[in-house]
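**Student:** Here it is: the structure, laid out below.
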2 protein chains.
Amino acid sequence: MFKRAALWHEGVMSANRLAGPSIWLDPQDSGLVWTIDQRRLPHEVRLAALRTAAEAAEAICTMVVRGAPLIGATAAYGLHLAAVRADDRALDRDLRGAAAMLVSTRPTAKDLEWTVARVMARAAEGTTPEDKRRRVLEAATRLVEASAEACRRIGEHGLPLLEAAAQRHPGQPVNVLTHCNAGRLACVDHGTATAPIYLAHARGIPVHVWVDETRPRNQGAALTAWELGQCRVPHTLVVDNAGGHLMQHGRVDLVLVGADRITRRGDAANKIGTYLKALAAFDNGIPFYVCAPESTFDPALADGVTEIPIEERDADEVTHVAGWGEGGPSRVRICPEGTRVANYGFDVTPARLITGIVTERGVARADEASLRALFPEWP
Amino acid sequence: MFKRAALWHEGVMSANRLAGPSIWLDPQDSGLVWTIDQRRLPHEVRLAALRTAAEAAEAICTMVVRGAPLIGATAAYGLHLAAVRADDRALDRDLRGAAAMLVSTRPTAKDLEWTVARVMARAAEGTTPEDKRRRVLEAATRLVEASAEACRRIGEHGLPLLEAAAQRHPGQPVNVLTHCNAGRLACVDHGTATAPIYLAHARGIPVHVWVDETRPRNQGAALTAWELGQCRVPHTLVVDNAGGHLMQHGRVDLVLVGADRITRRGDAANKIGTYLKALAAFDNGIPFYVCAPESTFDPALADGVTEIPIEERDADEVTHVAGWGEGGPSRVRICPEGTRVANYGFDVTPARLITGIVTERGVARADEASLRALFPEWP
């Protein structure tokens, strides 16, 4: 499933910059999907090759890929791989099996079931096996491209937030705090929370990002710091505990985070600890925006704290920290052996703490009326 | 300065339980102070032997000892070691030098200068070198004993908070969340935040502690989990990001934390991230108590956020995580090489978020009038 990224290094990366999407179909072999093995970042850039729906599901389960939009995209391509590998007679059954397997990989991100449902609906419209395969590939490709385009638009709709902050203290960088990785690596491209940051940086607005480490898996330290570094966006790594202090002392202009699921009332599940940053932003009068595409919304849910399923993960993510040791990948235990652990992957930030939600259709207040105005097709 | 704790293991520890104080004079050699090398916990129990004031200062600087009351006690004994080692003619000069050196080791904890000032005042009352040495030893010993006794009383004054919680759901454990290590290892004995917990546990009140990992140095994972385990107090380790989620879901009855400096208005500096937990407790209507002895208060200060000095520490505490690897102590890098870091050691929780402050004299509201009623001798 994995290979060293030497070729990709030469082909896709240039001048030490990450360019292009974080998941793509092989140009020569449409039964092969490439993505980056995010477990090895920032220490090694390795590609993962996905050839079956099971490999796509495994990549999601084992966190080779993570981030709500990217696991949606991986599931879309996973269905395509299921269709490619299936016998004509088994196609419907294999697609249904792959859909169930992919949706069950992780419980919190809405994008997963949203994407799978759309691809499966397109497959159901097919008349022959070949027609179904074509429709699945078309749907998956279109959804992946649309996911990248949604993030690009989130960047455009979020840009005025940074422009406004820049105007408040001309010549000074706009200080954005972000939690976890809602960047290119969490999406097909651009990122959600990072999209306005990259766009501001490209437009010459000075921007500086406070990067939360994001225990237990350190996606901020490992992934956000890496991709911001690749794109030469100034940033400073801090422990998750530091954000409140920074906000108390006027060091944060704006908080931008992603989301894994947002209810119709605007409650947003995101990486565990996001709620604490929202509280600190609220306490210090700092704007707190959630950036997410349509696929992250779950209009069937109202109250996020009680209704959004929160994933519980393995204890060893808490008892051990993975990184780079003397000679390569390594990990250390940080607590006594046998220590009992609880490991919740996400928390829910109530809408009352969210200044606004930046979507590909514009910025909404975090309330049902504002969101329905952006998404009138919601049931 | 260090030796393996084999003897101490047999002598002071019994039945795998930590017993007795965390710093003590050698019974045979009054020019020798023993403490535990907390950098090795929970993986190895090693003692550190302090024979000079410089060694005491080094032990504070290098975090062999940490925790506001314990660094106060270490400084008190450090002055005693300075007095023991000094020539008669150099005694006053060496004591002044040692006092300046010890106070300069770390900026935030008030206990350090509070304790040093008291020992130095006693030394100044001496008439001969021998009399001064005797007074320094007496003062240091008395302050260290008083520090342990203050924590014991904090336990008694805090106990009703746990008893009240236990009565609200009989038969269920009282869930206390704590941040960092404000335990026996942070003090001479009992701990500050842990004193009510240990007392409740001893009195048969079922108690369960949510232990915040406490990045960057992981004092919760390494020290609090260890000492609660030694004393068989049920506990669960969580990442610093998790507390808000636990509180939203009714899993926390009470937050108890220590402090490094408290202003006369009740603003409390404590380990970075404490402010975020106070915000979450406030948002969820959960009592949030700071536990601290007299030595931690700084009545000269009013506004904690602007007036309390906050220590900035080395970047490698953030870029690397220390723990136990395959064959022994090890550390891993968790971010790209060269990542810029900010590392603030403490934050300030405003009095408005603090339900009360538990001291050796009783529980005060976090306001100047209530605190002055407990400490009428304040200027």
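None of the figures in this text is laboratory data; all of them are computed from the coordinates on show. Fair warning: this is a prediction, and the values are worked out from it, not measured in the lab. Methodologically, a virtual Cβ is constructed for each residue, glycine included, from the backbone with ideal geometry; neighbour enumeration extends over all protein chains shown.
**Student:** Give the residues of region B:217-248 that are out of contact with any Ser or Thr (no Cβ under 9 Å at 6 or more places or on another chain) and within 22 Å of A:Thr306 (Cβ to Cβ), sorted by residue number.
**Tutor:** If the condition is that a residue be out of contact with any Ser or Thr (no Cβ under 9 Å at 6 or more places or on another chain) and within 22 Å of A:Thr306 (Cβ to Cβ), then B:Val238, B:Ala242, B:Gly243, B:His245, B:Leu246, B:Met247, B:Gln248 are the ones that fit.
**Student:** Give the residue, chosen from B:Gly204, B:Gly229, that is farther than 19 Å from B:Ala280 by Cβ and at the interface with chain A (Cβ under 7 Å from one of its Cβ atoms).
**Tutor:** B:Gly229
**Student:** Quick check on my filter: what residues within region B:350-367 are facing chain A (nearest Cβ under 9 Å) and not in a loop (DSSP other than H, G, I, E, B)? Step through it out loud before you land on a result.
**Tutor:** As a first pass, look at region B:350-367 and keep what is facing chain A (nearest Cβ under 9 Å): B:350, B:353.
Selection gives B:Leu353 alone.
**Student:** Hey, another quick one. When you scan region B:149-159, do you find a residue that is among the basic types (Lys, Arg) and surrounded by fewer than 24 Cβ atoms within 10 Å (Cβ to Cβ), even just one?
**Tutor:** For region B:149-159, residues among the basic types (Lys, Arg) and surrounded by fewer than 24 Cβ atoms within 10 Å (Cβ to Cβ): present.
**Student:** Let me ask another. From A:Thr141, A:Thr192, A:Thr214, which residue is hydroxyl-bearing (Ser, Thr, Tyr), in contact with a helix residue (DSSP H, G or I) (Cβ under 7 Å, 6 or more places away or on another chain) and more than 14 Å from chain B (Cβ to nearest Cβ)?
**Tutor:** On the way: A:Thr141 fails: in contact with a helix residue (DSSP H, G or I) (Cβ under 7 Å, 6 or more places away or on another chain); A:Thr214 fails: more than 14 Å from chain B (Cβ to nearest Cβ).
Answer to the check: A:Thr192.
**Student:** Does A:Ala278 satisfy the condition of being of a type in the set (A, V, I, L, M, F, W, C) and either facing another protein chain (nearest Cβ under 8 Å) or more than 27 Å from A:Asp189 (Cβ to Cβ) (or both)? Outline the logic, then answer.
**Tutor:** Details: of a type in the set (A, V, I, L, M, F, W, C): yes; either facing another protein chain (nearest Cβ under 8 Å) or more than 27 Å from A:Asp189 (Cβ to Cβ) (or both): no.
Spelling it out, it is not the case that A:Ala278 is of a type in the set (A, V, I, L, M, F, W, C) and either facing another protein chain (nearest Cβ under 8 Å) or more than 27 Å from A:Asp189 (Cβ to Cβ) (or both).
**Student:** Identify, from the list A:Ala225, A:Ala278, A:Ala200, the residue that is of a type in the set (A, V, I, L, M) and out of contact with any helix residue (DSSP H, G or I) (no Cβ under 6 Å at 6 or more places or on another chain).
**Tutor:** Numbers: A:Ala278 fails: out of contact with any helix residue (DSSP H, G or I) (no Cβ under 6 Å at 6 or more places or on another chain); A:Ala200 fails: out of contact with any helix residue (DSSP H, G or I) (no Cβ under 6 Å at 6 or more places or on another chain).
Only one candidate passes the filter, namely A:Ala225.
**Student:** Return a yes/no flag: does region A:217-232 have any residue that is surrounded by fewer than 24 Cβ atoms within 10 Å (Cβ to Cβ) and more than 19 Å from A:Cys187 (Cβ to Cβ).
**Tutor:** Within region A:217-232, one or more residues are surrounded by fewer than 24 Cβ atoms within 10 Å (Cβ to Cβ) and more than 19 Å from A:Cys187 (Cβ to Cβ).
**Student:** Okay, next question. Could you say whether any residue in region B:186-208 is surrounded by 24 or more Cβ atoms within 10 Å (Cβ to Cβ), in contact (Cβ under 8 Å) with a residue 12 or more places away in the chain, closer than 18 Å to A:Ala315 by Cα and of a type outside the set (D, E, K, R)?
**Tutor:** Checked region B:186-208: no residue is surrounded by 24 or more Cβ atoms within 10 Å (Cβ to Cβ), in contact (Cβ under 8 Å) with a residue 12 or more places away in the chain, closer than 18 Å to A:Ala315 by Cα and of a type outside the set (D, E, K, R).
**Student:** Continuing with the same structure: Collect the residues in region A:204-216 that are more than 14 Å from the chain's Cα centre (by Cα) and either hydrophobic (A, V, I, L, M, F, W, C) or assigned to a loop (DSSP other than H, G, I, E, B) (or both), keeping them in residue-number order. Don't jump to the end; show me each part of the working.
**Tutor:** Filtering region A:204-216 down to residues more than 14 Å from the chain's Cα centre (by Cα) leaves A:204-213, A:215-216.
Passing the criteria: A:Gly204, A:Ile205, A:Pro206, A:Val207, A:Val209, A:Trp210, A:Val211, A:Glu213, A:Arg215, A:Pro216.
**Student:** If I ask for residues that are in contact with a Lys or Arg (Cβ under 8 Å, 6 or more places away or on another chain) and either away from chain A (no Cβ under 14 Å) or over 14 Å from B:Gly328 (Cβ atoms) (or both), which ones from region B:34-47 would you list?
**Tutor:** B:Ile36, B:Asp37, B:Gln38, B:Arg46, B:Leu47
**Student:** Condition test on B:Glu337, is it in contact (Cβ under 8 Å) with a residue 40 or more places away in the chain and more than 8 Å from chain A (Cβ to nearest Cβ)? Spell out how you get there, then give the answer.
**Tutor:** Working: in contact (Cβ under 8 Å) with a residue 40 or more places away in the chain: no; more than 8 Å from chain A (Cβ to nearest Cβ): yes.
Judged against the criteria, B:Glu337 is not a match.
**Student:** Answer yes or no: is there a residue in region B:254-264 that is of a type in the set (Val, Ile, Thr) and at the interface with chain A (Cβ under 9 Å from one of its Cβ atoms). Give the steps one after another, and end with the answer.
**Tutor:** Residues of region B:254-264 that are of a type in the set (Val, Ile, Thr), as a first pass: B:255, B:257, B:262-263.
Going one step further and asking which of them are at the interface with chain A (Cβ under 9 Å from one of its Cβ atoms), we end up with none.
Checked region B:254-264: no residue is of a type in the set (Val, Ile, Thr) and at the interface with chain A (Cβ under 9 Å from one of its Cβ atoms).
**Student:** B:Thr236 passes all but one of (1) within 27 Å of A:Thr339 (Cα to Cα); (2) more than 8 Å from every other protein chain (Cβ to nearest Cβ); (3) of a type in the set (Val, Ile, Thr); (4) surrounded by fewer than 24 Cβ atoms within 10 Å (Cβ to Cβ); which number fails?
**Tutor:** Unmet for B:Thr236, out of (1) within 27 Å of A:Thr339 (Cα to Cα); (2) more than 8 Å from every other protein chain (Cβ to nearest Cβ); (3) of a type in the set (Val, Ile, Thr); (4) surrounded by fewer than 24 Cβ atoms within 10 Å (Cβ to Cβ): (2).
**Student:** Scan region B:304-321 for residues that are under 22 Å from the mean Cα position of the chain (by Cα) and either without any contact (Cβ under 8 Å) to a residue 60 or more places away in the chain or more than 9 Å from every other protein chain (Cβ to nearest Cβ) (or both) and jot them down. Before the answer, list the steps.
**Tutor:** From region B:304-321, those under 22 Å from the mean Cα position of the chain (by Cα) are B:304-305, B:307-314, B:317-318, B:321; that's our starting set.
Selection gives B:Gly304, B:Val305, B:Glu307, B:Ile308, B:Pro309, B:Glu311, B:Glu312, B:Arg313, B:Asp314.
**Student:** So is B:His245 in contact with a Phe, Trp or Tyr (Cβ under 7 Å, 6 or more places away or on another chain) and part of a loop (DSSP other than H, G, I, E, B) or not? Full working, then the answer.
**Tutor:** On the way: in contact with a Phe, Trp or Tyr (Cβ under 7 Å, 6 or more places away or on another chain): yes; part of a loop (DSSP other than H, G, I, E, B): no.
Answer is no for this residue.
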